[in-house]
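Okay, so here's the structure we're looking at.
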Amino acid sequence: MIRAENLTKRYGDTTVVQDLGFTVRPGSVTGFLGPNGAGKSTTLRMILGLDAPTRGRATVDGRPYAAHRAPLTHVGALLEARSVHPGRSAHHHLMALAHTHGIPRARVERVLALAGLTHVAHKRVKGFSLGMGQRLGIAAALLGDPATVVLDEPVNGLDPEGVLWIRTLLRNLAAEGRTVLVSSHLMSEMALTADHLIVIGRGRLLADTTVDELVRASGGASVRVVTPEADRLRTLLPGARITAEAPDTLLVTGLEAPEIGRAAAAHAVPLHELTPQAASLEQAFMDLTRDAVEYQGASA
């Protein structure tokens, strides 16, 4: 279990993380989300003992990371996949880590196979692609068979097969009762992988909830309506948010399909299509973090 309590980090006059509190529990995949500059990387570094909090504390299984006598066997982490000596092979890199904790060679071979790197295990890391580097970083994170896994952007650089592998791996780790915390900017992947979400913006907690609850709370679900009398139907749906996708196609938010259908039937408005559109995690995230975005592009 990971716990952050009143976690705060300042650099001079700049507060990067402000009174952040949350708990990451075992048995589920927790997505750690936020726009660029939200303080995600700083928070992860404080959890892993790489940065000292200005105030508050972060613990793993009740202890600060540095207090664990054999940290690799408690917490496996991937923050920067390229933090490997380029002249080493994948096998030598993992063996060097293994020697620090008395981890047997068989475990090194096991995680290399798990990451799909057996065939390149003795090649120098400097020749690895971005995706291969990510796989090596994940292999290193799993080396100590830890109960807690912390991964920052694990699918970065992976091809579709690799993304599917990561998704399956994370869910399997959680199913084994491990604590899994994953930071990502890919909302579509988080929607498929995460059970729980922690969302921060400008260093503060914005949401600590499930994927379904966040999407539901956003109110982003809509209904696609196709009718030759789109303009007339608009006047029959007061209070709804309506946008036109085409002259005969409306996207209606704020009303359910049956309500729209009854209003159309009552005024003899023909409907060619009435299709509920599921709200997306991406839209819910954008709505939640709209005021916490550090860099915002202008429309073309």
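The values are calculated or read from the model by the stated rules, or taken from the named source; none is laboratory data. Keep in mind that what you see is a predicted model, and the values were worked out from it rather than measured. Every residue, glycine among them, receives a Cβ derived from its backbone with ideal geometry; neighbour counts consider all protein chains shown.
Some notes on this structure:
- Residue among Val182, Val149, Val155, Val223 that alone is in a loop (DSSP other than H, G, I, E, B), buried (at least 21 other Cβ atoms within 10 Å of the Cβ) and aliphatic (A, V, I, L, M): Val155
- Residue count, region 115-146 (criterion: in a loop (DSSP other than H, G, I, E, B) and among the aliphatic types (A, V, I, L, M)): 5
- Residue that is nearest to the chain's Cα centre (by Cα) [pool: residues in region 185-194 that are surrounded by 17 or more Cβ atoms within 10 Å (Cβ to Cβ) and under 25 Å from Ala147 (Cβ atoms)]: Met190
- Residue that is surrounded by the fewest Cβ atoms within 10 Å (Cβ to Cβ) [pool: residues in region 198-220 that are in a strand (DSSP E or B) and not β-branched (Val, Ile, Thr)]: Arg204
- Listed by first and then second residue, the pairs with beta-carbon distance under 7 Å, at least 6 apart or on different chains, first residue in region 251-270 and under 11 Å from Val223 (Cα atoms), second in a helix (DSSP H, G or I), are Val252/Ile260.
- Hey, Leu117 buried (at least 20 other Cβ atoms within 10 Å of the Cβ), at pLDDT 95 or above and touching a helix residue (DSSP H, G or I) at 6+ places or on another chain (Cβ under 9 Å) or not: yes
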